[in-house]
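**Student:** Quick one: structure below, then a few questions.
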Amino acid sequence: MSFSRRHLLLSLLMLAALPALAQKARPLRVVASFSILADLLRNVGGDAVDVSALVGPDADAHVFEPSPTDAKRLADADLVVMNGLGFEGWMDRLVRSSGYRGPIMIASTGITPRRIGNEPDPHAWQDLAHARLYVLNILDALINIRPFDTAGFKQRATQYLARLTDLDAELRKVFAGIPKAQRRVITSHDAFGYFGDAYGIEFLSPQGMSTDSEASASAVARLVDQIRREGVRAVFVENITDPRLVERIAREGGVTLGGKLYSDALSKPGTEADTYLKLFAHNAKTIAGSLMTARIR
Ligand SMILES: [Zn+2]
């Protein structure tokens with residue numbers, strides 16, 4: 001092929017590719033409030049999105065204090081995604097100070113929250129059925145902004161939803177094998193109420209739904225008592241909170257800790273709970289393992 005013919009062919013190919021190129025815009029800049037949402041967004045968005053999380057791995061969103069860098073990140077975003085249900089009390093002020101005027105998507109939209117007193121429990125992601133809703137909300141939001149990527153978004157969401165459903169079915173079988181009376185667990189803060197509702201497990205904790213308040217001495221004493229008298233054996237620290245309080249409760253109750261649960265954040269990249277699916281499977285396996293051992297004793 002002569003140079004000019006090859007040149008012509010290349011030009012034609014480039015012309016043919018032009019509409020595709022025009023549509024292949026830069027990745028959508030999406031800012032998620034915390035690491036778990038960021039992972040769901042990446043699973044649906046693929047390479048059409050560039051996702052960052054304000055509250056990163058192993059960090060606590062309840063007590064997060066945004067920095068000027070965070071405001072800058074928001075200002076440059078195409079989409080902001082948050083959990084809602086009162087989880088990100090700092091978001092309104094951050095949005096105002098950043099000057100961001102784009103869409104803000106509440107991922108928990110459509111979920112009927114469990115309530116403790118008058119407060120909605122924000123930890124809705126601790127139920128795989130709710131995660132399905134999060135994914136569908138994310139899918140809608142991405143399609144709205146990037147309709148020409150609809151096929152890719154839908155394909156990835158469908159695959160991911162199937163993985164959520166499979167894991168849920170597997171876990172239902174695991175927990176069904178554990179006697180109901182045995183299914184009691186102690187963690188640092190009240191983050192697993194939805195998990196408990198889904199699999200019939202009672203979660204007890206010295207702290208309330210947020211980590212921003214101190215545990216009361218009476219709450220601690222009550223838990224120690226429940227370990228000693230009622231035989232609660234499964235006691236866990238969390239990745240986002242100081243382990244010392246729960247360690248003390250376990251020590252005073254005379255039980256060994258059952259390991260670490262991932263409540264409100266993923267673990268660091270390359271470690272055991274660095275995706276939502278890994279986080280959920282790890283928590284379930286750790287809890288079930290501990291409850292089964294408790295039964296044998
Ligand atoms: Zn929490």
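**Student:** So which residues in segment 217-240 are outside any helix (DSSP H, G or I) and free of Cβ contacts under 8 Å to residues at least 60 places away in the same chain, if there are any at all?
**Tutor:** Val232, Val235, Phe236, Val237, Glu238
**Student:** Here's another thing I want to ask about it. Of the conditions (1) modelled with pLDDT under 95; (2) over 30 Å from Glu65 (Cβ atoms); (3) in contact with an Asp or Glu (Cβ under 6 Å, 6 or more places away or on another chain), Ser188 fails just one. Which one is it?
**Tutor:** (2)
**Student:** As an exercise: evaluate Pro206 against (1) more than 16 Å from the ligand (Cβ to nearest atom); (2) outside any helix (DSSP H, G or I); (3) assigned by TED's automatic domain parsing to the domain that holds Arg233 and give the number of the one condition it does not meet.
**Tutor:** Every condition holds for Pro206 apart from (1).
**Student:** Residues of segment 97-121 being in a loop (DSSP other than H, G, I, E, B) and under 13 Å from Leu37 (Cα atoms), which ones?
**Tutor:** Ala107, Ser108
**Student:** Which one is farthest from the ligand (Cβ to nearest atom) among residues in segment 110-166 that are more than 16 Å from Gly86 (Cα to Cα) and small (Gly, Ala, Ser)?
**Tutor:** Among those residues, the one meeting the criterion is Ala151.
**Student:** For segment 110-124, what are the residues that are in contact with a Leu (Cβ under 8 Å, 6 or more places away or on another chain) and not aliphatic (A, V, I, L, M)?
**Tutor:** The answer is Gly110, Pro113, Pro120, Asp121, Pro122.
**Student:** So, in segment 130-175, exactly how many residues are small (Gly, Ala, Ser), more than 17 Å from Ala281 (Cβ to Cβ) and exposed (fewer than 13 other Cβ atoms within 10 Å of the Cβ)?
**Tutor:** Residues that pass the stated criteria total 1.
**Student:** Scan segment 220-242 for residues that are over 24 Å from Gly56 (Cβ atoms) and within 16 Å of the ligand (Cβ to nearest atom) and jot them down.
**Tutor:** Passing the criteria: none in range.
**Student:** Next up: Anything in segment 248-271 that is within 17 Å of Gln207 (Cα to Cα) and either within 16 Å of the ligand (Cβ to nearest atom) or at pLDDT 95 or above (or both)? List them, or say none.
**Tutor:** Lys260, Leu261, Tyr262, Ser263, Asp264
**Student:** Scan Leu74, Leu136, Leu94, Leu85 and give me the residue that is in a loop (DSSP other than H, G, I, E, B) and among the hydrophobic types (A, V, I, L, M, F, W, C).
**Tutor:** Leu85
**Student:** For the condition without any contact (Cβ under 8 Å) to a residue 40 or more places away in the chain, closer than 24 Å to Ala273 by Cβ and surrounded by fewer than 20 Cβ atoms within 10 Å (Cβ to Cβ), what is the one hit in Ser97, Ser52, Ser108?
**Tutor:** On the way: Ser97 fails: closer than 24 Å to Ala273 by Cβ; Ser108 fails: surrounded by fewer than 20 Cβ atoms within 10 Å (Cβ to Cβ).
Matching residue, one of Ser97, Ser52, Ser108: Ser52.
**Student:** To continue, here is another question. When Arg163 is evaluated against the numbered criteria (1) modelled with pLDDT of 95 or more; (2) assigned by TED's automatic domain parsing to the domain that holds Asp264, which criterion, by number, is the only one it fails?
**Tutor:** Condition not satisfied by Arg163: (2).
The values are calculated or read from the model by the stated rules, or taken from the named source; none is laboratory data. Since this is a predicted model, take the numbers as computed values, not measurements. A quick note on method: Cβ atoms are made from the backbone with ideal geometry, for glycine too, and the neighbour counts reach across all protein chains shown.
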